[in-house]
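Scroll down for the structure; my scribbles are underneath it.
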Amino acid sequence: MTEQAKFLIENLTFYYDSGPPALRNINLTIYPHEILVIFGPALSGKSTLLRLLNRLNDLVYDTRMEGRILLDGEDIYAPGVNVTELRRQVGMVFALPIPLPTTIRGNVTYGPRLAGERNRARLDELTEQSLRAAALWDEVKDRLDEPANALSGGQQQRLCLARVLALQPEVILLDNPTSGLDPLSTAKVEASLQTLKRDYTIVMVPHSVQQAARIADRAAFLLSGELIEHNIAAELFTRPQDKRTEDYITGRFG
Amino acid sequence: MISRQTSQKIAFTLLTLAAFVVVVPIVLVVGYIVVQGAGAISWEFLTAMPREGMREGGILPAVVGTVVLTFGTAIVAMPIGIGAAIYLAEYARDTWLTRLIRLAIINLAGIPSVVYGLFGLGLFVLFLNFGTSILAGSLTLGLLTLPVVISTAEGAILSVPQSFRVVSISLGGTRWQTIRHQVLPHALPGIITGVILGLERAAGETAPILFTVAAFYLPRLPHSILDQTMALPYHLYVISTQVPGMPVEVQFGTALVLLILVLSFNVIATIIRSHFRRLRQW
Amino acid sequence: MTEDRRNEQQRHPWGEFFIESAIKTCGFSAIIFVVLIFSFLFREGAPAFWSVSPSNLFGTRWYPTFGLYGTLPLILGSLLVTVGAVIIALPLGVATAIFVGEVAPHWLREVLKPLIEVLAGIPSVVLGFLGMVALSPLVRQYLHMPTGLTAFTGAVLLAYMSLPTIVSVAEDAIDAVPKEYRDAAYALGATHWQTIWRVVLPAAKSGVIVAVMLGIGRAIGETMTVMMVTGNAARMPLEWNALFMPVRTMTATIAAEMGEVAQGSTHYHVLFAVGIILFVITFIINAVASLVIIRGGPKRGGRLLG
Ligand SMILES: Nc1ncnc2c1ncn2[C@@H]1O[C@H](COP(=O)(O)OP(=O)(O)OP(=O)(O)O)[C@@H](O)[C@H]1O
Ligand SMILES: [Mg+2]
């Protein structure tokens, strides 16, 4: 753990327009090339935290944030930051597969094209690379120009992952990406994440505590907007320091 | 005491009756015009200049005038209307200013068409000195059409699933890129439908063109946008009220041509709507 | 590498700025147009208010050739025709909306709705023409009138012209009544009609009111039909049978006379003043109706998440 931090979250407190803060005084370091799992009960603020990392919460009006989030040592909320570029660096996969209503190829190349990539050969290369990395290439390589929503749910979610990979990001955020998938597809996604962490930093909200324990290198437990504890996964899931973490984990384990 | 079932029966009978009182005259009106007017319609009627004080010959300049005005209306109303719809659906927050804009749109929709005519006369014809011209008439009709275009286009834009926008933005799209690539293409059929319905109304209007463009009798085609022109609705008004001894057949023929022209917008809009609904991928 | 990627300029910052400014301008244009319309009506119409004495301007006699500009007969004429139209259209429209939305089988609904759309599309001058050649002879014959060009003839046609508005807005309002309301009524053993009458209609009341107001707005501003079938006699419609006599409305007066007046004459200014009156009336009607609409309207504007 002597590596340099990828993300450094310092004293982060976040409010939506009304009510109590959705996140309260969060301090968390995210290291490169690891899978960090953020878990906790519903409405504990997991998605909020994830969306703050690529500034997707900018789309919500009337919010207030205190504290800092540094990516590679730079404050991503500083004035003058190129937000669209940040979102390419920190890609996001959502809970449900949302293919854009176009072809498979069109989905994968969407981000690069918006970024100005026009070179056909380069786009083809990116498409193949990304689909391979998302373990989808063999299934779709002969029908890249067919509509994306003809794919199965599991394939669609891997397409969404490929779409993010085509951005050549440094960090991948996954907000409960297997929620709508069958066990087989879930296993495929989990397997590709294990490979991907060699090249990327992965932050994921898991579907269940079991999934968290299966894939996490490190884990952070959120409860009502507070970071109760975070640790190396092996430690946290076997010897939780906080009673509340233990209750949540064991409650789920039965 | 009538039983509940009986009173329901009576009520539903009355409702059915009301619906038929509403609908039957529509069928009669359209049917009557078709039957009476069909005889007048010939190739010459559609393609010849009017002669003999409009009692003979054709209605070509009126048809052309209406088509030209409809194009002019589209050119005015489409960019402004679609722009305003994009603003309201994609940019505007729920502030007092936005409410004011919505209030203004609803009121624009309610302003009587003859008042648009007065406004067009005051601003375009006189103040801006465009004279009685296609330009002044198109601008007036364009404004009149604006509320329809805005509200239908906004509806079409709002019906594009929100998730597409979020995905596009999360993939590094700017707001405009997202609108341009994810929103507008999918909203386009709805927007076009709205524009066509707006044009349908504009093509049939008489009062707004009375003082801004319409010529009583001008048996030639317009030369420029600063020219006056005849137009079908006004022509029908003229030949049914201002010209004594007008053959009834010519009146009905003109009414039929106008009706077909206007209702064909309706048909086109319906076709576009159902065609794209079938193609839709979500 | 991270550094320079993050600071890389966006592709077309200027193009995007330009297009977003244009969109914003379009957004505000509606306000600008309303203001512009009012200012130009005012600019041309205001002189009437100081060059014609109020007692003349709001008097009972409209004889512009003799310098008599009493707008009262025109205002009352508009009111008479409009009220007549609403009395006819309100029950018909609401009943049709209920029929289409609640009672009619699916196939009939698919026939009725496009037909009503067709009605909305028929140009007013076509209806006016038919009113002249078909409806007014009937009125004359069956009501034993000296002429068929009466306020009543206009009211009937106006009623049909405002029906599409009333039906579609009322139907939306009925559609918007939550399903739970109906289910609750059925659970209590109410018949379909009892549910409509006691639950659906009261819940849709404000929407129905909006429908009627928008219908009134349409009717009072309608021009060509009225001009062609109401006989255009500028007289005070005060007799008990005024509905069956010729009248003249504000809209018809403007349309009929504006083409013949000298620009800048008193008559010209007075016609604009009549336009102001019309504008103000419809503005109030629509503002009130729109307050109801906006209150329940789309709230989402610009909000993307959550
Ligand atoms: N767009 C929004 N506007 C207002 N409040 C929001 C918004 N999104 C989330 N919240 C609130 O913030 C809090 C945290 O929500 P968040 O979605 O981050 O929780 P979560 O842990 O992701 O929940 P889940 O497990 O259900 O996905 C909740 O109280 C929620 O109501
Ligand atoms: Mg969540």
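The values are calculated or read from the model by the stated rules, or taken from the named source; none is laboratory data. What you see is a predicted model, and the numbers here were worked out from it, not measured in a lab. Note that each Cβ is placed from the backbone with ideal geometry, even for glycine, and that neighbours are counted across all protein chains shown. Only protein heavy atoms, including side chains, enter the accessible area calculation; ligands, DNA and RNA are left aside. Shrake-Rupley method; radii C 1.70, N 1.55, O 1.52, S 1.80 Å.
Determine the relative contact order of segment A:7-249: mean sequence separation of Cα pairs under 8 Å and six or more apart, normalised by residue count, in whole percent. Intermediate results must be reported in sequence, preceding the final value.
Details: 442 pairs, mean separation 68.9, N = 243.
Relative contact order for segment A:7-249 comes out at 28 percent.
For n ≥ 4 DSSP H runs only, could you compute -39500 (n - 2.57) per run for chain A, divide by its residues and tell me the 222 nm figure to the nearest 500?
Rounded to the nearest 500, the figure is -11000 deg cm²/dmol.
Work out the charge dipole of chain C with +1 on the Cβ of Lys and Arg and -1 on the Cβ of Asp and Glu about the Cα centre, then indicate which of C:ALA22, C:THR223, C:MET236 is farthest towards its positive end.
C:MET236
Quick one: net charge of A:ARG120's neighbours, Cβ under 12 Å, K/R +1, D/E -1?
Numbers: positive: A:ARG105, A:ARG113, A:ARG118, A:ARG122; negative: A:GLU117, A:ASP124, A:GLU125.
Charge balance near A:ARG120 sits at +1.
Under a Cβ-only charge scheme (Lys and Arg +1, Asp and Glu -1), can you give me the dipole magnitude of the protein assembly as shown about the Cα centre, in debye to the nearest 20? Working shown, then result.
Numbers: 64 positive and 60 negative charges, 198 e Å.
Charge dipole of the protein assembly as shown: 940 debye, to the nearest 20.
With a 1.4 Å probe and all protein chains left in place, how much of the accessible area of segment A:110-245 comes from carbon and sulfur atoms, in whole percent?
Details: 2670 of 5670 Å².
Roughly 47 percent, rounded to a whole number.
Residues with beta-carbon under 13 Å from that of C:ARG182, excluding C:ARG182: net charge, scoring Lys, Arg +1 and Asp, Glu -1? Please list the in-between numbers first.
Values: positive: C:LYS179, C:ARG198; negative: C:GLU102, C:ASP175, C:GLU180, C:ASP183.
Local net charge: -2.
Just from its helices, what would the mean residue ellipticity at 222 nm be for chain B, if runs of 4 or more DSSP H residues each count -39500 (n - 2.57) and the sum is divided by every residue, rounded to the nearest 500 deg cm²/dmol?
On the way: 12 runs with 195 residues, N = 282.
Result for chain B: -23000 deg cm²/dmol, rounded to the nearest 500.
So how much accessible surface do C and B hide from each other in total, probe 1.4 Å, in square angstrom to the nearest 100?
Values: alone 18300 and 15660 Å², together 26400 Å².
Summed over both sides, the interface buries about 7600 Å².
For chains A and B, what's the summed buried accessible area, probe 1.4 Å, to the nearest 100 square angstrom?
Values: alone 11960 and 15660 Å², together 25700 Å².
Rounded to the nearest hundred, the buried surface is 1900 Å².
Residues of segment C:74-119 losing 20 Å² or more of accessible surface, assembly versus chain alone, probe 1.4 Å, please list them.
For segment C:74-119, once contacts with the other chains are taken into account, C:LEU92, C:ALA95, C:THR96, C:PHE99, C:VAL103, C:LEU112, C:LEU115, C:ILE116, C:GLU117, C:VAL118, C:LEU119 lose 20 Å² or more.
What nm distance separates the two modelled labels at B:THR6 and B:LEU221, each placed 7 Å from Cα along Cα→Cβ?
Simple spin-label model gives 7.0 nm for this pair.
If I take every Cα pair under 8 Å that is 6 or more residues apart in chain C, average their sequence separation and divide by the length, what percent do I get for the relative contact order? Please report the intermediate quantities before stating the final value.
Numbers: 396 pairs, mean separation 78.9, N = 306.
RCO, chain C: 26 percent.
Compute accessible area for segment B:4-20 by itself and then with all protein chains, 1.4 Å probe, and report residues whose area falls by 20 Å² or more.
Buried on complex formation: B:ARG4, B:GLN8, B:ALA11, B:PHE12, B:LEU15, B:THR16, B:ALA18, B:ALA19, B:PHE20.
Which of the lysines could a cross-linker bridge to C:LYS179, judged by Cα under 20 Å and excluding same-chain residues fewer than eight apart?
Of all the lysines, those that pass the test against C:LYS179 - Cα under 20 Å, at least 8 places apart if same chain - are C:LYS205.
Would you mind calculating the relative contact order of segment B:1-124 from Cα pairs under 8 angstrom and at least 6 residues apart, reporting the percent as a whole number?
Details: 31 pairs, mean separation 10.8, N = 124.
9 percent.
In debye, nearest 20, what is the charge dipole magnitude of segment C:54-296 about its Cα centre with +1 on Lys and Arg Cβ and -1 on Asp and Glu Cβ, if you could check? It would help to have the intermediate numbers written out before the result.
Numbers: 12 positive and 12 negative charges, 68 e Å.
Roughly 320 debye, rounded to the nearest 20.
So with the 1.4 Å probe, I'd like the accessible area per residue for chain A, rounded to whole Å².
Working: 10360 Å² over 254 residues.
Averaged over the residues of chain A, the accessible area is 41 Å².
Which is farthest toward the positive dipole end of the protein assembly as shown among A:THR127, A:GLN155, B:LEU144, measuring Cα position about the Cα centre, with Cβ charges +1 (Lys, Arg) and -1 (Asp, Glu)?
Comparing the listed Cα positions along the dipole, B:LEU144 ranks first.
Farthest toward the dipole's positive end in the protein assembly as shown, which of B:PHE216, C:ILE75, A:THR250, given Cβ charges of +1 (Lys, Arg) and -1 (Asp, Glu) about the Cα centre?
C:ILE75
Within the accessible area of chain B, what % is carbon and sulfur when the probe is 1.4 Å and the other protein chains stay in place? Can you show the working numbers first?
Values: 7510 of 10980 Å².
That share works out to 68 percent.
So how strong a dipole does segment A:7-249 carry about its Cα centre when Lys and Arg Cβ are +1 and Asp and Glu Cβ are -1, to the nearest 20 debye? Let's see the in-between values first.
Numbers: 26 positive and 31 negative charges, 69 e Å.
Computed charge dipole of segment A:7-249: roughly 340 debye.
Compute the accessible area per residue over chain B, keeping the other protein chains in place, probe 1.4 Å, unit Å².
So chain B comes to 39 Å² accessible per residue, rounded to a whole number.
Going 7 Å from the Cα of B:THR95 in the Cα-to-Cβ direction, what parts of segment A:50-82 have a backbone nitrogen less than 15 Å from that spot?
A:61-63
Ignoring ligands, DNA and RNA, what percent of the accessible area of segment C:65-165 is carbon or sulfur (1.4 Å)?
Values: 2760 of 3770 Å².
Answer for segment C:65-165: carbon and sulfur cover 73 percent of the accessible area.
May I ask you to list the lysines whose Cα is less than 21 Å away from that of C:LYS24, ignoring any residue fewer than eight positions away on the same chain?
C:LYS299
Order A:LYS243, C:LYS113, A:LYS197 by their accessible area, 1.4 angstrom probe, all chains in place, largest first. Present the calculation step by step, with values, prior to reporting the outcome.
Details: A:LYS243 130, C:LYS113 90, A:LYS197 45 Å².
Final ranking, largest accessible area leading: A:LYS243, C:LYS113, A:LYS197.
With the cut-off at 1.5 for a/c, could you classify segment B:59-278 from its C-alpha gyration tensor as rounded, prolate or oblate?
Working: a/c = 2.66, a/b = 1.87, b/c = 1.42.
Note, shape of segment B:59-278 comes out prolate.
Computed FRET efficiency, Cβ-Cβ of B:VAL243 and C:ARG61, R0 35 Å: what is it to the nearest 0.05?
Working: r = 31 Å, r/R0 = 0.87.
So the FRET efficiency works out to roughly 0.70.
Taking the Cα atoms of segment C:54-296, what is the range of coordinates along each of the three principal axes, in descending order and whole Å?
70, 42, 32
Return the distance in nm (one decimal) between the two label points of a simple spin-label model at A:SER208 and A:ARG239, each offset 7 Å from Cα along Cα→Cβ.
Placing both labels 7 Å beyond Cα along the Cβ direction yields 2.8 nm.
Send over a whole-number figure in Å² for the accessible area per residue of chain C, probe 1.4 Å.
Numbers: 13740 Å² over 306 residues.
Roughly 45 Å² per residue, with all protein chains present.
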